[in-house]
Every structure is written in C-alpha cells, then in structure tokens.
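Reviewing the structure listed below.
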Amino acid sequence: MSKNKVLNLKDKIDGNEMDLSLCNLTEVPVKELAAFPKVTVLDLSCNNITSLPLEFCSLSHLVKVDLSKNLMTVLPDDLGRLGNLQHLDLYNNKLTILPVSFSQLKNLKWLDLKDNPLEINLAKAAGDCLDEKQCKQCAARVLQHMRILQDEVDKERERRFLKDKELEKKKEMKQREREAKEKEARKRDKAEEKERKRKEYNAHMADLAIQEQKNKRKEEKKKRNGQIAADKKAAESAPKAQRRSLIGLLFKLLLLGLAGVVGVCQLTGLKEEAVCVPINVAVDDGLSWVREQEVDVRVRKLVEEVDIRARELLQKLSSLVPQLLEPLGVVPTATEPVETVEN
C-alpha cells in the first residue's frame, strides 16, 4: 500500500481498535498492520477477502478479529500462532473446514461460524451462535472438536512416523542384509578364487612332479639302456679278452716250454740225444745268423739284451732241471757255457 493509505490506516484507528470494514479489500494489508502492535481489535468485515496470507499469523497481538461477510474458503495452517486471540467472527464465509492448529487457540472464548458450508462433524460441533452464550459454547465445542482432530492428526502423524521409521528400519535391515550378502559373496568369491589358485598351484606342482618323474624314468631308462649296452659290450668283449688272455697264457706257456726244452737240450746230458740235436742245431744256427747279419746297433743291443736275459733264464732253469729230472732217474751232465752274441 502507498504512504497515503498507510496514513489512512492511522485514520481507521480508534484507541486499540482498527476498522477496515466496507473498504472493498481483497487482501489483508499484513505488513502495514504489523506497524501498529497496539491495535488488538481488527474489523475486516464486509470485504472481498478470499484468504489470509501466512504472515497474518504473525500478528500475535490481536485479541479480537472480525472476518464476517467475506469470501474466504480456507484459513492458514498456522492460525494457532494467534495465541492471544479471544474473539473470532467468521460468519457468512465459504469455509468447509478449519486448520488443525485451530486447537492451539487456548484463549479463544467466542466464535461464530454460522452461514458457512462446514463439513457435517464440524457443523454439529459449532451449533448455533445466536447470542453471546451460544457463541461462547461454539468456541468451546469447536476447540474440543479440533483438539480431537489434533489428537487424531498427532496419532496419524505418530503412526506415519512409526511407519516411516519401521520402513526406514526395514530399509536399513534390507540394506544390511544386502551388504552382508555382498560381503558374503565377496568372501565366497575370494575363497573360490583362493581355492582355484590353490588347485592351479597343486595341478602345476603335480605336472612338475609328473614331468620330473618322467624325466627320472627317462634318465633311469637311459642309464639302464647304457648299462645294458655296457653289459652287452662287456659280455661281447669278455670272451675276446678271455680268449686273448688264454692265448697269451698259452703263448707264455709255450715260450716257457720252448725255453725249458732249449735249456734241457743245452744244459743237460740230453743234448747229445737225438731229440735235442735238431733243437741245439736250430739254436746255434739262429745265433750264427744273427752274428752274420749287418743290423742296426740298437737291434744288436736288443739281441744282446735278449741273449743275456735268455742265459739268465737258462741258468735259473739249469738249477731247476736236476730237481725235475731226479724223480725220472735222469742224471744231468756238466754243461758248456753258451756263447753270447758278439758284435
């Protein structure tokens, strides 16, 4: 509102009362009214007001308010904040219900709700308001009715609160169950992964063991084959070695026998016998042939060495021959020294 209208509001004040009736108002000038906290009685009747703004509930200094013969269909939800309100005239409006906070108007002593399309229970509680007594009874009955509604609303709010709390609790429980399942699933997955890795490790170790066993068997087989081959080779070479050894032994025995025969024929009295004559002749011819040959000095030395060794052998045999011939009754005769090979 303009400054002139504010000044006009001052003109509407008489003591603690402000009369704004028949001003053709469609809205309540709450901001301007708040500037006059000493005004406790406000007359807004016979206007075209359809609703009260929420700010109207802040005018807690009001004691008496006349809103009769307007077009209001609803009152603000915070109407209960008008704690000092004692007299309220709502005659001839379009109200069907009252806000639940109406029950908080503990100081309300007078109420008129005639000529409003009230819902049936509220209309029964309100009754008539044809005189002072009925209007006071209307205020008391409506307050009681609104307190019942308030209790029901509080219970419903409490029920919704408990329901919401229960739903929240169930939601939390479901959340915890879901988290527990997820945790269990993660734990199970982890255990399965661990078991899988363990199986893979065991399989790997088993494969290594199998491979090692195979390698070991191959090595053993190789060794066996090598041993078999060696045994076979040894078995094949053994007869040859034995044959060579036997031949060598026979050759040695033959040489020894020949040496013995030569010794007997050269050193005993048997050298004149017919058996020894060819042997002695062969020995003498061999020695003579060696003397006549022009051979290398080393060969001559070798022959001389052989001759010396042969004479030593014959001398040893000469000591053994009498012992061998004595049991046979043969007496050896003196021997002539065998000639050595000269250069």
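The values are calculated or read from the model by the stated rules, or taken from the named source; none is laboratory data. Treat the numbers as computed from the prediction; the structure is a model and nothing was measured. Here the Cβ positions follow ideal geometry from the backbone for every residue, glycine too, while neighbour counts run over all protein chains shown. Just the protein is used for accessible areas: all its heavy atoms, side chains included, with ligands, DNA and RNA removed. Shrake-Rupley method; radii C 1.70, N 1.55, O 1.52, S 1.80 Å.
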Rounded to a whole %, the carbon-and-sulfur portion of the accessible area of segment 114-222 at a 1.4 Å probe is 52 percent
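Averaged per residue, what accessible area in Å² does segment 1-122 show with a 1.4 Å probe, protein chains only? Could the numbers behind the result be given before it?
Values: 6250 Å² over 122 residues.
Using a 1.4 Å probe on heavy atoms only, each residue of segment 1-122 averages 51 Å².
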Point-to-point label distance, residue 205-residue 231, nm (Cα→Cβ direction, 7 Å offset)
3.7 nm
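Which entries in the list 12/38; 38/133; 12/64 go over 22 Å, if you measure between the two C-alpha atoms of each? Please list the in-between numbers first.
Numbers: 12/38 13 Å; 38/133 28 Å; 12/64 16 Å.
Flagged as over cut-off: 38/133.
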For residue 156, what accessible area in Å² do you get when you roll a 1.4 Å probe over the heavy atoms of the protein chains, rounding to the nearest 10?
60 Å²
For residue 17 and residue 198 in the same chain, what is the full-extension length gain: residue separation times 0.36 nm, less their Cα-Cα distance, in nm?
55.8 nm
With only Lys, Arg, Asp and Glu charged, each at its Cβ (+1 for the first two, -1 for the last two), find how big the charge dipole of segment 65-140 is about the Cα centre; round to the nearest 20 debye.
140 debye
